[in-house]
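The values are calculated or read from the model by the stated rules, or taken from the named source; none is laboratory data. All of these numbers come straight from a predicted model, not from anything done at the bench. Cβ placement follows ideal geometry from the backbone for every residue including glycine, while neighbour counts extend to all protein chains displayed. The protein model used for the area step is the full one, side chains on, heavy atoms only, and it has no ligands, DNA or RNA in it. Shrake-Rupley method; radii C 1.70, N 1.55, O 1.52, S 1.80 Å.
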Amino acid sequence: MVQENLFYTKDHEWARIEGGLATIGITDYAQHSLGEITFVESPSLKKQLNTHDTLAVIESSKAASDVYSPLAGEVSEINESLSSEPELINKDCYGQGWICKLKISKPDTTHLMNAKQYEEYLKSL
Amino acid sequence: MNDVKKTVLFEKHAALAQKSQIVPFAGWMMPLWYKTISEEHKAVRTTAGLFDCSHMAFLKIAGKGATDFLNNLLTNDVSTLKPGKARYGYLLDHSANIIDDVIVYCIAGDNFMMVANASNEQKVKDWIAKNKTGLVEIADLKDAALLDARVDLALQGPASAQCLKNIFAVDVSVLKPLSFVYAKNNSLDVIISATGYTGAKISFEIFVHPSKAALLWDTILEVGKNLGIIPCGLGSRDSLRIEAGLPLYGHELDGDFNVSPFQAGYGWAVKLQKQNFIGKDAIAKKINPDTEVARLKFDGGKGIRPIRQFDGILNTEGICIGHVLSCAAAGDKQIVLALIKKEFNTPGKSVGVYYTARNAGHIQQGRKEKVNLGDKLTADIKGLAVERFEKF
């Protein structure tokens, strides 16, 4: 399941860009691969991130998986619900399972895929 | 990837599991889970679960010299094994390194079936070929061209006996552990053995000709539907065996810490009073280890970071007394199998876990990637030592 109007990475993160803010999460493909998510290590507020810096760690009984930042910016909000309900990522990865918001420093998205490109990419895996 | 093999049930897995959940394991494409690990785990504890074990190694060892040959190869005593009975033991090299842990089934006087781990299949075959004498015949029972070919499906959990009764009209609930019987109906001819790897008191493995494995799979799921029987993948196989305290080769046997059968709690399967077996002198020196495998229980579930292999086990003073070998979620608990100093392995004793670094960021923050016995650390989560094994 891929959603329109989002940007995607090869590591299966998504970004929803609205104004100068980007909401970040992991894709349906990623949450399926991880299985039942039991723990999320969220970034700290105001943390400065470069593109591809580690933004969060998501853990299931199967694996601990780093989440990389699709964009550069400053962490402006984190999804507090994930500390007690990490399974929101399994249930609703593009909605209630968002991880954090970034105040983006560069609006450049040329390194990211759109929904159609990501779908093609998934087929190639 | 090209040499990753498909089991005779691959099409079944492809139909039932997501593509991304079917992964290479010990050279075979195997399902990690069909729905979720926790549902499949729960099914085995409450109803029953069906596992594809057809990737394992099934070897026929027969002929006049078979009993003597096996008795020299295995740590356990095969000379007293009667038809219809099976025995667990180890293949050791001359330095007492474990080649594999296996179960040997006595089919008839001079005819045995050895079931070994898929990951060790080649190693076991090579070792057998190297030590074989003239009076022994070896065959790979996965070879469907053989009339007596066999692969294995495991049906584990309380509802399994009823399911098998419905299919084969036999009462296997009376079978003693490590015993087996023949059963058949119009289309299937099987061996049902009271063995398994989940800790379920009522649990069976069903050995079937590879050409009939898919039919057996479908039949069990069809008949088992009303009994709540579901297919289970490797994920729950691992969480169930950890919860029960059963060792896995490479973790609680051999592996990074070179764990011996004595440390694993299986000294009974090493018969030092037997006249001879390969590795006997070397393993006799390992009889009194100062560390052993312990089963530990911690809180788990939502919002708690999962414990992982190589994390440190701490005593109440924060001193590292051992390492995690395996860990699994079981309900809202985490069950850990760890190699720890013997004096701390008492049920009820408090222990802690130090989480080793999960990524580069953790290392930058000063978290250790690796811990050593005697290190002074702070526990990230606290729990208790529990009984070494648990039956369900």
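Working only within region B:354-382, note down all residues that are within 14 Å of chain A (Cβ to nearest Cβ) and not charged (D, E, K, R).
The initial filter retains those residues of region B:354-382 that are within 14 Å of chain A (Cβ to nearest Cβ), namely B:355-365, B:367, B:369, B:380-381.
Correct list: B:TYR355, B:THR356, B:ALA357, B:ASN359, B:ALA360, B:GLY361, B:HIS362, B:ILE363, B:GLN364, B:GLN365, B:ILE381.
Does at least one position in region B:153-170 carry a residue that is open to solvent by less than 50 Å² (accessible area, probe 1.4 Å) and without any contact (Cβ under 8 Å) to a residue 40 or more places away in the chain? Show your work before the answer.
To start, the set of residues in region B:153-170 that are open to solvent by less than 50 Å² (accessible area, probe 1.4 Å) comprises B:153-157, B:159-161, B:163-164, B:167-168, B:170.
The next check asks that each one be without any contact (Cβ under 8 Å) to a residue 40 or more places away in the chain; those that pass are B:168, B:170.
For region B:153-170, residues open to solvent by less than 50 Å² (accessible area, probe 1.4 Å) and without any contact (Cβ under 8 Å) to a residue 40 or more places away in the chain: present.
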| query | Tally time: how many residues in region B:368-391 are open to solvent by 70 Å² or more (accessible area, probe 1.4 Å) and in contact with a Lys or Arg (Cβ under 9 Å, 6 or more places away or on another chain)? | reply | 5
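Tell me the helices (runs of 4 or more DSSP H) entirely within region B:1-81 that contain at least 2 residues that are polar (S, T, N, Q). Spell out the reasoning first.
Working: elements: B:10-16, B:37-46, B:66-73.
The qualifying helices (runs of 4 or more DSSP H) are B:37-46, B:66-73.
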| Only one of (1) within 14 Å of chain A (Cβ to nearest Cβ); (2) surrounded by fewer than 18 Cβ atoms within 10 Å (Cβ to Cβ) is not met by B:PRO289, so which one is it? | (1)
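Only one residue in B:LYS184, B:LYS130 is modelled with pLDDT of 95 or more and within 19 Å of B:ILE61 (Cβ to Cβ). Which one? If you could, list the steps in order and put the result at the bottom.
Values: B:LYS184 fails: within 19 Å of B:ILE61 (Cβ to Cβ).
Result: B:LYS130 is the single residue among B:LYS184, B:LYS130 that is modelled with pLDDT of 95 or more and within 19 Å of B:ILE61 (Cβ to Cβ).
Before we move on, is B:GLY228 under 17 Å from the mean Cα position of the chain (by Cα) and either surrounded by fewer than 22 Cβ atoms within 10 Å (Cβ to Cβ) or on the phi > 0 side of the Ramachandran plot (or both)? So that I can check it myself, show each step before the final result.
Numbers: under 17 Å from the mean Cα position of the chain (by Cα): no; either surrounded by fewer than 22 Cβ atoms within 10 Å (Cβ to Cβ) or on the phi > 0 side of the Ramachandran plot (or both): yes.
Here the answer is no, as B:GLY228 does not meet what is asked.
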| task | Being in contact with a helix residue (DSSP H, G or I) (Cβ under 7 Å, 6 or more places away or on another chain) and open to solvent by less than 10 Å² (accessible area, probe 1.4 Å) is the filter; apply it to region B:18-50 and report the residue that is farthest from the other protein chains (Cβ to nearest Cβ). | result | B:ALA48
| Does B:LYS19 satisfy being farther than 23 Å from B:TYR88 by Cβ and assigned by TED's automatic domain parsing to the domain that holds B:ILE206? | yes
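Conditions tested, residue by residue: (1) assigned to a strand (DSSP E or B); (2) surrounded by fewer than 24 Cβ atoms within 10 Å (Cβ to Cβ); (3) of a type outside the set (Gly, Ala, Ser).
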position: B:LEU221; (1), (2), (3): no, yes, yes
position: B:GLY224; (1), (2), (3): no, no, no
position: B:SER236; (1), (2), (3): no, no, no
position: B:ILE242; (1), (2), (3): no, no, yes
| task | Kindly provide the set of residues from region A:2-42 that are open to solvent by 60 Å² or more (accessible area, probe 1.4 Å) and on the phi > 0 side of the Ramachandran plot, ordered by number. | result | A:ASN5, A:GLY19
| field | Test result for B:ALA294, at pLDDT below 95 and buried (at least 19 other Cβ atoms within 10 Å of the Cβ) | value | no
| query | Failed condition for B:GLY255, given (1) in contact (Cβ under 8 Å) with a residue 40 or more places away in the chain; (2) surrounded by 21 or more Cβ atoms within 10 Å (Cβ to Cβ), with all others met? | reply | (2)
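Taking the options B:GLY322, B:GLY300, B:GLY318, name whichever one is closer than 23 Å to B:SER260 by Cβ and open to solvent by less than 20 Å² (accessible area, probe 1.4 Å). Working first, answer last.
Working: B:GLY300 fails: closer than 23 Å to B:SER260 by Cβ; B:GLY318 fails: closer than 23 Å to B:SER260 by Cβ.
Of B:GLY322, B:GLY300, B:GLY318, the one residue that is closer than 23 Å to B:SER260 by Cβ and open to solvent by less than 20 Å² (accessible area, probe 1.4 Å) is B:GLY322.
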| Here is a list of conditions, (1) more than 23 Å from B:SER211 (Cα to Cα); (2) within 19 Å of the chain's Cα centre (by Cα); (3) of a type outside the set (Phe, Trp, Tyr); (4) crowded, with 21+ Cβ neighbours inside 10 Å, and B:MET56 meets all of them except one; can you say which number that is? | (1)
| request: Tally the residues that are open to solvent by 30 Å² or more (accessible area, probe 1.4 Å), within 14 Å of chain B (Cβ to nearest Cβ) and touching a residue at least 24 places away in the same chain (Cβ under 8 Å), restricting the search to region A:86-110. | output: 1
| Out of all the residues in region A:111-125, which are under 13 Å from A:ILE17 (Cα atoms) and open to solvent by 40 Å² or more (accessible area, probe 1.4 Å)? | A:ASN114
| request: Would you point out the residue of region A:66-78, among those that are open to solvent by 10 Å² or more (accessible area, probe 1.4 Å) and under 12 Å from the mean Cα position of the chain (by Cα), that is nearest to A:GLU36 (Cα to Cα)? | output: A:ASP66
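If the requirement is being within 25 Å of B:ALA26 (Cα to Cα), assigned by TED's automatic domain parsing to the domain that holds B:LEU16, within 15 Å of the chain's Cα centre (by Cα) and surrounded by fewer than 23 Cβ atoms within 10 Å (Cβ to Cβ), which of these qualifies: B:ALA200, B:ALA214? First the steps, then the outcome.
On the way: B:ALA214 fails: within 15 Å of the chain's Cα centre (by Cα).
Matching residue, one of B:ALA200, B:ALA214: B:ALA200.
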